Structure formats: C-alpha cells, structure tokens
Amino acid sequence: MAKKIDSSKIRNFSIVAHIDHGKSTLSDRLLEYTGALGDREKKDQFMDKMELEQERGVTIKAQTARLNYTADDGETYMLNLIDTPGHVDFSYEVSRSLSACEGALLIVDASQGVEAQTLAHLYTALDLGLEIFPVLNKVDLPSAEPERVKEEIEDILGLDTSEAVLASAKQGIGIKETLEAIVKFVPPPTGDPDGPLKALIFDSWYDAYRGVVVQVRVFEGTIKKGMKIRFMATGMEYEVDVLGVFLPNPFYVDSLSVGEVGFVAASIKEVRETNVGDTITGAENPTDGPLEGYKQVHPMVFSGLYPIDSVQYENLKEAMVKLRLNDSAFTYEPETSLALGFGFRCGFLGLFHMEIIQERLEREYGLSLITTAPTVIYKVTKVNGDVVDVENPSTLPPVQSIAKIEEPYIIATIHAPSQYLGAVMTLCEAKRGTQKGIDYITTERVVITYEMPLNEVVMDFFDRLKTLTKGYASLDYEFHDYKEGKLVKLDILINGEAVDALSIIVPKDKAVFKGREIAAKMKEIIHRQMFEVIIQAAIGTKILSRETVRALRKNVTAKCYGGDITRKRKLLEKQKAGKRRMKQVGKVELPQDAFLAVLKVD
Amino acid sequence: MNVPRLNSKTIGLYLHIPYCRKKCPYCSFASTAGGLFPEKEYTESLKLELEKVLKNERLDKDTKVESIYFGGGTPSLFTPSLIGELIDTARSLLTTSAETEITLEINPDSATKEGLRELKGYGVNRLSIGLQSLNNQELKTLGRLHTADQATGAFKDARDLGFTNIGVDIISGVPQSSVSEFAETLDKVIELGPEHISVYGLTIEDKTPFARAMDNGSLILPDEETERELFLMTIERLEAADFEHYEISNFARPSRQSRHNTRYWSGGDYIGLGASAHSFIKGRALENTTDRDFGRRWWNVTDAADYIRLMEANSSSISDEERITKQQVISEAIMLGLRQTRGIDERAFKEAFQGSVQEHLVQKGLLNEAGNLASVKNLIYSSNGRLRLTKEGMLLSNEIY
C-alpha cells in the first residue's frame, strides 16, 4: 500500500439509490468480490454500521471503503466507495460526499422503477458534474421488468441506459459487470501530487483513542504523516498523527496523494473544529484558495428535550456531551420549563435529525424523553430597540414590549414530475410560500422554487409533499433571510394552567384555526384519566377553543380466577409501563404525542 | 380464619372439562364444541396428571384438599360416574373430609335430575349454575341454549335433591338490554335463593364472535354510565337481600363464599388438571440462603387432544411456566387483595414483603406521594388495619393496582 499510486488507476464513486433498492447489499457484494470483506465479516450490510441505520435502512454517517480490483484489461484499480448519508436534513453532507467522487452508480429496482428518494441525491450528483451510470438491481425477481425500467430512467432522468448493468446483489449477479463499469465510466481523478495540498473533509467523528478523525479526499498534493496541516475555514493547525484508509477495516498508510480517499487523525479535540466541506492544506506550503462549496452548517430547528423522570437529567446531560462529540450540527443548552422541569433546548438540522438524536438518546443511553414541538429562531426587536433571539416560544417577550418579530425564510427547491405541479404549488401557498420560479427540465419534470418560512417546513411539510406526489417529489432547501411576520404566541392550557412546553408561535391569521385544531387533536391524544381534563387554546387571555377529555368512570376486570391471574397481572404491568412513558404535568398525564400535536394538524 | 397449620399443606384442586354443546359467542375459555369427546381417555389423563403433579411437588397423602372444582367447558355434560372416579382418585391420593368443598359447574340445558342425583352421591356438595340471565331475550343474545324456565327448573331440581350450597352466575351489561330488565333478573335470582351469586359485567375477549361483532359495529355494549349503574345497583340489591359483597363480582350468604375461588384470591396453593388448567405452588423458604422463592405458576396445553396425547405418551402436559418474582407476588397480592372487600391486612402484608401497601403502590407509580391519585375520588381507605377499595375504587380498580 506504500507503493506510489498512479492516479489514473483510481476511481472514486458513490452509490445513489432509493431506500430498499439494495444499496447496502450491493456495497457488500462489491466488497466481497474484491476480497475486501472476509467471510468472517460478512455480516449483512457492512456499510451501515449504527444499529439505528440498519433498522431504518438509512445511512446517517458517511462510510468509505477502498477496493482493489483487477479489471479485464489486466490492470489493478483502486476503487474508493464513498457511501453518503441518506436524508434531506443531511443534504449538505451528501453534496460534500458526492463532490469527493467523480462518478456514481444509480441503483434502480428492476421491478419498482425510479422512485423519488433517489432523485434529490441524483440531482446533486448531476449538478456536481459526476458521471452517472445505472445499475438495475433485483433482475432475478419474477416481477422484474428491466426494459420498462430502462425506458423510465431515460424518460424521467434523461440518462443513457444502453450500457446499464443488470444485477442482483442478492444472487451475486452482475457484480463483476458493475466493477467493470466503474472502471470504464468513472473518470480518474486529476491533480498534481506535488502541488500544494488540497483535501476535502467530507465527514468526521470522535474516536476515543485518536481524538477526532476526519475523512478526506485529496484533490491536489500529498498529505503525509507528521506533516503540519491547516484547516482553511477555521485557520486551525495540527500535526498529522495517523493516516489510513478503510478496506473497510482501518489500514494505516504513510501518505495519501491525489485522488485518494482516507482518514486523518491529528490530535483534534472536538468535531466542531472539523467542518464538513472545509479544505485541508499544508501549513508550510498552503494552497491559494479552498475548494468550492464550503458552508458552515447551523442547526435550523430547535426543540426542548426533557427526561420524563427528572432523576435522568444528569444522564441526559452526559449523553448529550457524548453525542455532540460526534455531531457538530447538534447543539444543546440547559433550559427550564415550569411544566417539564430541567431539560435542554437542542438544535438540529431538521426533523429527521431531531428524531435520530432522540432515538439514539433513548436507545443507546437508556433514557426516556419528552420532545417538545420543533421551532425555529425568531428575531424579536423590542420596543426599547433590543434584539433577542427566541428559540423557545415560551420565552417570547410580552406582546406590549415587542416592536416586531422576524422569522427565518428559506428557498425551497422541489423536483417533481410535472403532473404534480398544481398540488405542490397549492401546498407551498398554504404554507405561506412565495413562488420564485418554475422550470421544466423535461416536459415530464419540473423544478419548483419557493421562498417559505422555515417554520412551515420544519413541521410536516416534507411528509405532506411526499404524500401529495406519491413520493415522487424531492426537497432541498437553504436558509435565505429573516423577514418580519405577523406572529403571535399560542398557549395551551391544561385544566386552566398554561403549559409552557406546549406554547408555539404561529401566524396571527392562522391562530384561531390552529388553536382549535391543536386542542381537538390533543383531546384525541390525551387518554382519559380519573378526573376531567380541559384543554384550551389561548392567545394571551383570550381563549380560542376548549375541549374536554371526560373523566374515566369505569375500568374494572370482571373475572379473575386461577387461570386469569398471570394474564391479568401482565396486562396491568403493560398498562403501567405505558404510564411510565408519560409526563406528569400537574396531576395530568401527558403522552409524548401531546407535545407534538401541532405536527399533526394542518 | 385461613391460618395455615404448621406441617400440613393444604391445596385446592381444579379439573377442567374442556367441551361444550355449543360455544358461547362471548367465551374465550379453552373449550371445544361438537365432535366425540373422548371422556374415558380424558379421565384417565386427569388421574395420571394428578399422580404426576403430586409426585413432582412432593405432596403426599397428608396433603389436605380443601376444595375440588370441576370447571369448564360444561362439566354437566360429562358422564357422572367419571366425575365420581376422579373424586375417588383425589380421595385416595390426598386427605379429604366432609368439609372439602366439591363444586361442579352445570348448565341448565345439560343438567338432568338423574345426573345431579348421581353427582351428589359421588360427593359433589356445591353446584355452580351457569344461569347467565332469567330473561329469554338476553339468553338469546348471549347465544345460550337454555331458557329462563329451564334455568329455574335446574335450580329447583338441585334444591329438591338436597344441594344446600348452590351458586349461580349471571351476566350484566348484555347488549340491547335495559337496566330494568337486568334488575328483574336480579330480583328473580334473589327469589330463587341461591347461597352464592357471581355477577360478571360482560367483557369482550379477543378473537371471540362478540369481538368481531363489536368491530363491525353490529354489537354495541352499554355505555360506561350504564355499566356503573348496573354495578352499583347489583351491590345495592344483593346487599339488601343479605348477600355479602365479598369480591368485586361475587356475593354470598354468610360463610358461603366460594372456598375454592377465595384460595385463588388469597395466594393459596392450587393444582389445575386438564387442558389449559393453571397451577400455582407458593414459594417455600429456601435452605442456606436468605433468598426467597416466591413460587411457580404453570399451565397446560390448551388443546384437549394434545393434552390426552401427551399424558398417554407419559410426557409433560405443561405448556409454559413462570417463576414468580417478589415484585410479581406483590403486584398479585395487591390486585387480588383489593378485589376482595375484606381488603389487605396491612400488617401481614408488611411482614411478608417489607414495606407497606401504600409504599408499594407509590413505588410502582400508581399512587403519587401520600396516595394522592387514589384520594382524588376517595377510592381507597384504611380501617381496622385493612386497606380496602370503596365502591368507586372498585369501579376504577384497574387504575389503582
């Protein structure tokens, strides 16, 4: 491996696929075929490491693997597979992973055809100028219709399918052909191995032994062990301790040169210091400019995370410290709620990111949490001229002291089949969007651009969009600007007491409708208790709506004999376990869903 | 009462007769209808199982059987002489006395006077009649094969034959029936004058025809307020007629409580024989350790044919078992204790489990500190050293324990 590598023999590629279309299985087959994965390691889906990733079938962190492949032309090639995260919340990370590649395999299920989730990544790959070639997977299934799906790929995506590979990752069909296609279609990297270093960071994580480890792709020059390097965005300098590549198991090397993909450890303490998209250069002989496309990512969505049982507060804090080490986009700071006690206000890239973090905290750290409704940062200018950032609706200053409230707007870019144009536009308008453009890529596909309040998007916009377009729309968005809005705080009162954790900020003209809908939704969510529960929505002292959850009047088991005792006890135990998942607010038990009721209304 | 004597173990014996003439649409008990039930083979299997269990549990002839209960299914369909054989087997292997309560469940449509006479001769001294209602429309809704007249007839036959301990089961909350219709049944039952009355609110069990009818909307249960009224009225009327309300659904003349069922509710040992029957043997103090064994519960395979096959092959009929943990014993003691109107003996509870009942309820998150939840509506109270539920507490008992 220490041999000088000829960059014309390197191929850096990524795999773009719809969930379930077989990306992980194909990755594993490629690894096996090239001998990268021994029998002992042939655990299904090697590339998705986290338990959560395996379960959701979604990659959250980027993974890489170097494969050595001797092609039909007799030459040995170094193929670097760069697996990308798979969700709109991580679109920036995806774009950085893709830009580390020269080509991408587009996997399409030979019976299901082109599906929507692939598209966002595919368009990113096309925008970045990657060479794309299709692989039709699952051709062994009786329902496979490769010819129809090929046509679909040509019509919808405008890709040439004349040399598409027919494969079945499961059966090991078409694996060699896929490898040959990678060699043939993915262009080799270019760049001067002796020039000033220019390496792209596309992922980083915290390692208990080495500190922060960054994944890089070298575009120019060579990075060597012991070399002093500089991160251009932060200006921080480090000395390289360790260099290596994933085969996919870590393998240490002395240098990484043009076109190579590998990892770098340099006694870096925090993931925060390593920004995805940043350029690493030599401290001694720096390059004149960084690679394009770098952005500082900021959390866009905020919500409160509270332990259901207050004794878990310290554990939650420790767990967050650990998660933060690995996830610079996740932020937290302590906050206190009258209703929920001590907890944290956390920042996330989006709703999906929020769900992932909550699930990891619960699963990996054994915590039981309540998450409050997601919100954005509002800029509030007070009458006295002070400007405050409000990321928790309950901390909105009193109405009389507010001069204006501004909320963040985004530019949303939606790719959809043109037949859904009307539906998408209606949805965007309903979400307070202003149309910025409609561009037909083909007669079948359209790109719709809207300027919209971020708050509308963090709620349930994405889910609705997918439902409306039968999953065929893709969404990408970026922060645009802050704009003034007529906004008010909507409070929810439970048995006459405002519950701070349930407050939300809404457009004034929608407040009455929202208030009614939320109260009605909460009535469905809150289970009947031994007393009446009254739910009210209010703005200030003005009550907008009122719903009543009637008191439970009877819950008694009629028969309980010898044969029933175990069964009855188990039923009661189950019922009790359910109650432990609820937060006691005053004397009322509120399930997690009650705090997210706002997500479930129009 | 019920103070166990040293060096003498007492048990209750349950024998399950798993077949009926017709399956009732609300019933989820293990029972089949139709076909030729192999009574003889089943009887032999029950005898064999009894021998086996006694051996496994090291229960010798000194073990006293306080109650024998033939439940079902429909035990009154079973050939009386076979019931006799089973009682004799129990008598030969265990100690019985004139005091031993021997109950048999009968259905009005299958109990004949001759049969009952025979059963009495074999030692059956208590009958439990599946009367369910004395209103023909209700009986029809419930899918029962008998009429109100047959039901009163069966009761009177039993009385004539000299059965002095008769219980009847009735069902409240029958769909499309009114509170006053149920009150009529209650009054007629009181007039019949049984020693024991069980009143069960109709419960929809999974996978029964009634559950399917509920799902498709063709069966509508009374609303909660009506069910409350039925429950409270039942207590009122039966207490007025001098029945003691001794368990949520059970009423008895003084000292005529079902001894067999009271054993279930008091954590006593019992052995269940036959398809789907459950057994429970309390823990014994373990030698050389401070750990305690809190007992075992096991249950047999549900299918009677499987049961017979297993017994004939001399293999185990046990489907599954559970070792009871301390927490489970406590949960059960609270649940079963509070279901009885005499409640839980707080001192005995504390001695057995360390910690008071209230503390355990708080610890389980069922009561908040100082028992606030239950005090919301005055659901639970303590008097004379016993913790009991109020009537309101009974109505909401699943929320308390």
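The values are calculated or read from the model by the stated rules, or taken from the named source; none is laboratory data. Being a predicted model, the structure only gives us computed values, none of them experimental. Backbone-built Cβ (ideal geometry, glycine too); neighbour counts: all protein chains shown. For the accessible areas, the whole protein counts, side chains as well, though only heavy atoms, and no ligand, DNA or RNA atoms are used. Shrake-Rupley method; radii C 1.70, N 1.55, O 1.52, S 1.80 Å.
Tabulated values for the structure
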| read-out | value |
| --- | --- |
| Dipole of region A:488-602, positive end: most advanced residue of A:LEU596, A:VAL512, A:ILE543 [Cβ charges, Cα centre] | A:LEU596 |
| Per residue value of the accessible surface for chain A (all protein chains in place, 1.4 Å probe), Å² | 42 |
| Cα-based radius of gyration of chain A once divided by 2.2 N^0.38 Å, which approximates compact folds | 1.06 |
| Interchain or long-range residues, amide H under 5 Å from A:THR34's placed H | none |
| Three-way shape label, region B:240-346, alpha-carbon gyration tensor, a/c 1.5 | oblate |
| Of B:ALA111, B:ALA183, B:ALA304, the one that fluctuates the most in a GNM where chain B has Cα springs shorter than 10 Å | B:ALA183 |
| In Hz, Karplus ³J(HN,Hα) per residue of region B:241-254 (6.51, -1.76, 1.60; θ = phi - 60°; x = Gly, Pro) | 8, 6, 8, 8, 7, 10, 8, 2, 10, 10, 9, 8, 5, x |
| Cα shape, region A:74-154, gyration tensor, a/c 1.5 rule | oblate |
| Projected label distance in nm at A:SER162 and B:LYS156, using a 7 Å step from Cα toward the beta-carbon | 10.0 |
| For region A:244-308, with +1 on Lys and Arg beta carbons and -1 on Asp and Glu, the positive-most of A:PRO290, A:ILE268, A:SER255 along the dipole | A:ILE268 |
| Residues whose placed amide H lies under 5 Å from that of A:SER204, excluding near-sequence neighbours | A:GLN215 |
| Surface per residue (accessible, 1.4 Å probe) for region B:10-264, Å² | 41 |
| Rounded to whole Å, sorted largest first: equivalent-ellipsoid semi-axes of region A:302-408, Cα gyration tensor | 28, 15, 10 |
| For region A:486-549 versus region B:146-219, the gap between their alpha-carbon centres in whole angstrom | 46 |
| Residue with peak Gaussian network fluctuation, chain B [Cα springs, cutoff 10 Å], from B:LYS22, B:LYS207, B:LYS113 | B:LYS207 |
| Interface area, B with A, accessible, probe 1.4 Å, both sides summed, Å² nearest 100 | 3400 |
| ³J(HN,Hα), Karplus 6.51/-1.76/1.60, whole Hz, each residue of region B:75-88, x for Gly, Pro | x, 6, 7, 6, 4, x, 5, 5, 4, x, 4, 5, 5, 4 |
| Spin-label zone in region A:172-197 - amide nitrogen under 18 Å from a point set 7 Å from the Cα of A:ASP73 along the C-beta vector | A:176-191 |
| Residue among B:GLY193, B:ASN216, B:PHE182 farthest towards the positive dipole end of chain B, charges placed on Cβ | B:GLY193 |
| Built amide H within the under 5 Å cut-off of A:GLY195, gap 5+ | A:GLY221 |
| Of every Cα-Cα pair in chain B, the percent that sits beyond 42 Å | 12 |
| Student exercise, the protein assembly as shown dipole from Lys, Arg, Asp, Glu Cβ charges, in Debye to nearest 20 | 3380 |
| Percent carbon-and-sulfur accessible area, region B:10-264, ignoring ligands, DNA and RNA, probe 1.4 Å | 49 |
| Hz values of 3J(HN,Hα) by residue in region A:21-27 - Karplus curve (6.51, -1.76, 1.60), Gly and Pro given as x | 8, x, 4, 5, 5, 4, 4 |
| Neighbour cut-off at most 12 other Cβ (10 Å), DSSP loop, GluC sites (Glu not before Pro), region A:90-182 | A:GLU163 |
| Residue among B:PRO18, B:PRO194, B:PRO38 with the largest mean-square fluctuation in a Gaussian network model of chain B, springs linking Cα atoms under 10 Å | B:PRO38 |
| Those residues of region B:313-341 for which accessible area with every protein chain present is at least 50 Å² below the isolated value (1.4 Å probe) | B:MET335, B:ARG339 |
